[in-house]
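Reviewing the structure listed below.
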Amino acid sequence: MSGPLFLVLRILLTASLYAFLGWAFFLLWQDIRQQAMLLALRKVPPISLMIQREGSAAQIRHFNQPEITIGRDPACECPLNDETVSARHARLSYHHGQWWLEDLNSTNGTRLNQEPVSTPTVIISDDEIGCGKARLTVIMAGDNLMPPTQKLPEEEKPA
Amino acid sequence: MRRRIVRFLAPITIEGRLLTLAAIFIFLYALALTLSPAARARTWEANYRLVHWVGVAVWVGVFYFAHRQSKRHIPDSDPYLLPLTALLSGWGLLTIFRLTTAFGARQMLWLAAAGLLLTLGLRPAPELRFLRRYKYLALTAGLLLTALTLIFGTNPLGGGPRLWLGCCGIYLQPSEPLKLLLIIYLAAYFADHQPLNVRLLPLMAPTALVTGLALLLLIAQRDLGTASLFIFTYTVMLFIASGRKRVLFISLLGLAVTGVAGYFLFDVVQLRVDAWLNPWLDPSGRSYQIIQSLLAIANGGLGGRGPGLGNPGLVPVTHSDFIFAAIAEEMGLAGTLGLFCAIGLLVARGLRVALHAPDQFRRLLATGLSAYLGIQSILIAGGNLRLLPLTGVTLPFLSYGGSSLLTSFAAVLLLLLISSQPEDEPAPLPQPRPHFILAALLGLGLLAAGLTNGWWAAVRGPDLLTRTDNARRAIADRYVRRGSLLDRQGRVITATTGQPGQYQRLYAYPDLAPVTGYTHPVYGQAGLEASLDPYLRGLQGNPAALIWWDHLLYGQPPPGLDVRLSLDLDIQQIADRTLRNHIGAVVVLNASSGEILAMASHPTYDPGRLDEQAAALHQDPAAPLLNRAAQGRYPCTSMLTELFAPTAGLRIFPSTAPNTSTLELLDALGLYQPPELRLPVADSSPPERLPLISPLQAALAAAAYSNDGVRPSPRLAMAVNTPAQGWVILPALGAPVQALPAEQARLTAEEHIVAGEPYWEWVGQDSRNGSRLTWYLGGTLPDWQATPVTVVVLLEEENSSLAVRLGRMLLEETLRP
């Protein structure tokens, strides 16, 4: 009788080894999940662009994504049907808690408040972006401004 | 919901839960170890093992305090490192307790010391500045200590390389802390000299000098395993620091050159490389260790034999260099794959700590420490698995050895400290690729070890276990009753007696030794014991499910089956009594069924006294171990010319080559074929030459003359007693052959009739190498109403009267109603 009982013990032993490893791997997975959720919590603050072109009325477009490409190409998030705008002209991207403007080697250049943009530059509300002859005004609603990184509720310690 | 998950993942909680799981594993292992003697003896009345529970208590204490310290001082440190350390060191400690209790007790003390180190060391240590500052001091101290072993070195085991510094029963192997100190030095040096534009030579020159110095020391000491580990560690750190892939190639080349040079310069290297490349050539000598290690791994199979139920003690130095083989035997492939996973996880967490490290020094240090743990594990596990040549390094955390345990714990302590400031931004990483490559290489190494383990355990395992140098078979013979050999009336010839654990083979009729043979833990098996081994060992004839179940439970075959032989001890006794003090052989055969009623070969020996006699028996010119009746090869020209061949119409037998029709007759009489029998028999003579035959062949040929020209197929093992169906007949291996026309057989027999008796006989003489042989052939007449019998007597002397007297005695005894 001792043999079968011992067999059960052996199976339990191996099972406990894999319970340890399985639990460790489960926690690693949870860790990845938590990281992903933390990143997902970092919402992109909505941004709106008021587009003004010669000969047409100003129009406002709202964006939720962290990357906005401006250009003549209809595949761009913000397409501009203008001869003076390159196919992929400039990019707005959100990282490090800021919106950044960057020129994508456009033919006619990108300007920020009339200054040419050569390196990625931080933009704020009411800045004016010039792409060719088009002018885009940045509108960020004040109550939408987010702190650079979000604290999780649990990490809030009583002060 | 989110709140719950996040609290759940607080590092210190993870550490606590994982430690609990590790404790469950250790507790179950210890419980299994306690009960293992009962499972081995298959009864509850056994001497239970209890000592190792002290080790468990120490283990619990060490990790309870370490966890408490880490909770208080560094709650944000990596939560996987401490539980993995606990799992591995506890597993190692109990394995060592299981192998040698005295070593286990010592290892327990070392574990307590390592626990003290952890408990004292686990406090905030910003930037590990002191390590960085005193790098040269530390390294010099390490080198000096190692150099001291050249003068004051000892070996706690007595012989062998003198790698230890010892006093008062405490031994330290300085090359172990030297590993750590070298890694610290290299990390500090590379971090201080991290140039923008990496050029290899200035980075290499001083470090190569120091590493080379350490290497020289180790080579002078013949500690070649640690030396190769140093080369690997240095390569990894230089590679990570410089980011140049050519470092790997140069180092590989260097290692190859060193290996070849070492092969010709050092006996140790040559021996190990030879044993690695061709272990099967010298399994009892130079590659004994590795073969025994592979046998242990094969015996472990998929699920392992269970703690305490394997025989890892058969592998030399199993507590240190070969502890992996011991684990593989008792925990099986399932256990070792878990072990590789745990080591892999430890290394992966270590490399993650390196990537998150806030400065270059700590990053390099963490990488070096993780690589050292990973590489050393792969080196020794690979060595045990014959994946790599054997390097005498320890398996970190698991192997016996205080220096090794302390060093491994110190490495984990440093990793924990480096990981304890997750709030700091990780330092920028200019070259991520070396880190990927290192992680991939270490992962591949572990994967290769796992696959090799699977190959030995599952694919090659069953074949390996049948090797004769697998001592587990002899151990199983002590615990499992082996089947008996019985004569045709059920009288015991050979049987197993005693209690489980002390079974012994009892040879009740020792004169039959050349036929029935022996089974011996050192000298192996011979005769019927060898050829009927599958039945006697219970591996054949038992239900497959029973064999599988017993192997699963005990790693042993089920109880063996008794085999009934055709021998009749009454007739056998006459032959043996008469042949005593002569050299010769006797075969008595039932001429129609082929059953062998007696088979004697003299001189004989006592198989129960092999221990003291084996060497003498092997060298005895009279060859008592040889079964003359079946394995002897004797000239038989007189028999051919006077008895067999004349019936073919050839009075004078040509001395060189018989003609075709005679050849056909001799072949039909079986003189050119070995008899088909479950017993070792002599090879047949090549055709076209005069045959050399055994007495058994002569008896089978003579049987044709008593059995209407039909040569029977011989039988010796008649039936086997199976648990499911009772006695099951073992059929003859061959079929009867009509060797010559019945009429011709009758004429020949009547030509040699003995006046007034119901049998024929013939006596003749031959010579072999100048000495004379006497043949006697006799048999019943074809019209004999009862069982037809033939008798063959062969004497290695000129003694016709004895041959005739013995032959007639046997015939009369057999024919008596």
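Things to note:
- Test: residue in the stretch B:517-530 that is buried (at least 20 other Cβ atoms within 10 Å of the Cβ), hydroxyl-bearing (Ser, Thr, Tyr), within 14 Å of chain A (Cβ to nearest Cβ) and within 30 Å of residue B:310 (Cβ to Cβ): no
- Verdict on residue A:63 being more than 8 Å from every other protein chain (Cβ to nearest Cβ), of a type in the set (A, V, I, L, M, F, W, C) and surrounded by fewer than 13 Cβ atoms within 10 Å (Cβ to Cβ): no
- Within the stretch A:108-122, considering residues that are of a type in the set (Ser, Thr, Tyr) and part of a strand (DSSP E or B), the one surrounded by the most Cβ atoms within 10 Å (Cβ to Cβ): A:110
- Answer from B:28, B:35 - the residue that is within 13 Å of another protein chain (Cβ to nearest Cβ), over 25 Å from residue B:416 (Cα atoms) and modelled with pLDDT of 95 or more: B:28
- Candidate set: the stretch B:543-566, residues that are under 19 Å from residue B:331 (Cα atoms) and among the aliphatic types (A, V, I, L, M); chosen: the one nearest to the other protein chains (Cβ to nearest Cβ): B:553
- Residues of the stretch B:714-762 that turn out to be among the hydroxyl-bearing types (Ser, Thr, Tyr) and within 19 Å of residue B:568 (Cβ to Cβ), as a count: 1
- Take the conditions (1) modelled with pLDDT under 95; (2) within 14 Å of another protein chain (Cβ to nearest Cβ); (3) buried (at least 16 other Cβ atoms within 10 Å of the Cβ); residue B:22 misses just one of them, which is (1).
- Residues located in the stretch A:23-55, provided they are more than 9 Å from every other protein chain (Cβ to nearest Cβ), over 14 Å from the mean Cα position of the chain (by Cα) and of a type outside the set (D, E, K, R): A:26, A:29, A:32, A:35, A:48, A:49, A:50, A:51, A:52, A:55
- Residue check, residue B:38 among the aliphatic types (A, V, I, L, M), surrounded by fewer than 24 Cβ atoms within 10 Å (Cβ to Cβ), touching a helix residue (DSSP H, G or I) at 6+ places or on another chain (Cβ under 7 Å) and without any contact (Cβ under 8 Å) to a residue 12 or more places away in the chain: yes
- Single match in B:352, B:363 (criterion: surrounded by fewer than 24 Cβ atoms within 10 Å (Cβ to Cβ) and among the charged types (D, E, K, R)): B:352
- Unmet criterion (only one of (1) more than 15 Å from residue B:789 (Cα to Cα); (2) in contact with a helix residue (DSSP H, G or I) (Cβ under 7 Å, 6 or more places away or on another chain)) for residue B:714: (1)
- Restricting attention to the stretch B:253-298, the residues that are touching a residue at least 12 places away in the same chain (Cβ under 8 Å) and within 23 Å of residue B:325 (Cβ to Cβ) add up to 24.
- Identity of the residue in the stretch B:74-110, assigned to a helix (DSSP H, G or I) and charged (D, E, K, R), that ends up farthest from residue B:171 (Cα to Cα): B:98
- Residue B:182, sole failed condition from (1) exposed (fewer than 13 other Cβ atoms within 10 Å of the Cβ); (2) at pLDDT 80 or above: (1)
- Entirely in the stretch A:1-107, the strands (runs of 3 or more DSSP E) that have 2 or more residues that are of a type in the set (Phe, Trp, Tyr) and without any contact (Cβ under 8 Å) to a residue 60 or more places away in the chain: A:98-103
- Residues that are hydroxyl-bearing (Ser, Thr, Tyr) and within 25 Å of residue B:773 (Cα to Cα), drawn from the stretch B:564-607: B:578, B:601, B:604, B:605
- Hits in the stretch B:62-78 - residues which are within 14 Å of chain A (Cβ to nearest Cβ) and farther than 11 Å from residue B:420 by Cβ: B:63
- Positions within the stretch B:522-560 being assigned to a helix (DSSP H, G or I) and either closer than 15 Å to residue B:717 by Cβ or among the polar types (S, T, N, Q) (or both), in sequence order: B:527, B:528, B:529, B:530, B:531, B:533, B:534, B:535, B:536
- Matching residues, the stretch B:657-681, being in contact with a strand residue (DSSP E or B) (Cβ under 8 Å, 6 or more places away or on another chain) and among the small types (Gly, Ala, Ser): B:668, B:670
- Where residue B:417 falls short, out of the listed (1) surrounded by 22 or more Cβ atoms within 10 Å (Cβ to Cβ); (2) among the aliphatic types (A, V, I, L, M); (3) at pLDDT below 90: (3)
- In the stretch B:269-291, of all residues being over 23 Å from residue B:313 (Cα atoms) and of a type in the set (Val, Ile, Thr), the one that is surrounded by the most Cβ atoms within 10 Å (Cβ to Cβ) corresponds to B:269.
- Scope the stretch B:104-152; condition among the β-branched types (Val, Ile, Thr) and either more than 27 Å from residue B:192 (Cβ to Cβ) or out of contact with any helix residue (DSSP H, G or I) (no Cβ under 6 Å at 6 or more places or on another chain) (or both); matching residues: B:119, B:140, B:149, B:151
- Residue B:578 being closer than 24 Å to residue B:491 by Cα, in a helix (DSSP H, G or I) and in contact (Cβ under 8 Å) with a residue 60 or more places away in the chain: yes
- Residues that are in a helix (DSSP H, G or I), of a type outside the set (D, E, K, R) and buried (at least 24 other Cβ atoms within 10 Å of the Cβ) within the stretch B:300-334 comprise B:300, B:312, B:323, B:324, B:325, B:326, B:327, B:328, B:331, B:332, listed in sequence order.
- Test: residue B:376 is surrounded by fewer than 23 Cβ atoms within 10 Å (Cβ to Cβ) and not hydroxyl-bearing (Ser, Thr, Tyr): no
- Set A:118, A:16: member being more than 14 Å from chain B (Cβ to nearest Cβ) and at pLDDT 85 or above: A:118
- Test: residue in the stretch B:463-486 that is buried (at least 21 other Cβ atoms within 10 Å of the Cβ), in a helix (DSSP H, G or I) and among the aromatic types (Phe, Trp, Tyr): no
The values are calculated or read from the model by the stated rules, or taken from the named source; none is laboratory data. All figures in this text were calculated on a predicted structure; none of them were measured in a lab. FYI the Cβ positions are ideal-geometry reconstructions off the backbone, even for glycines, and counts take in every protein chain you see.
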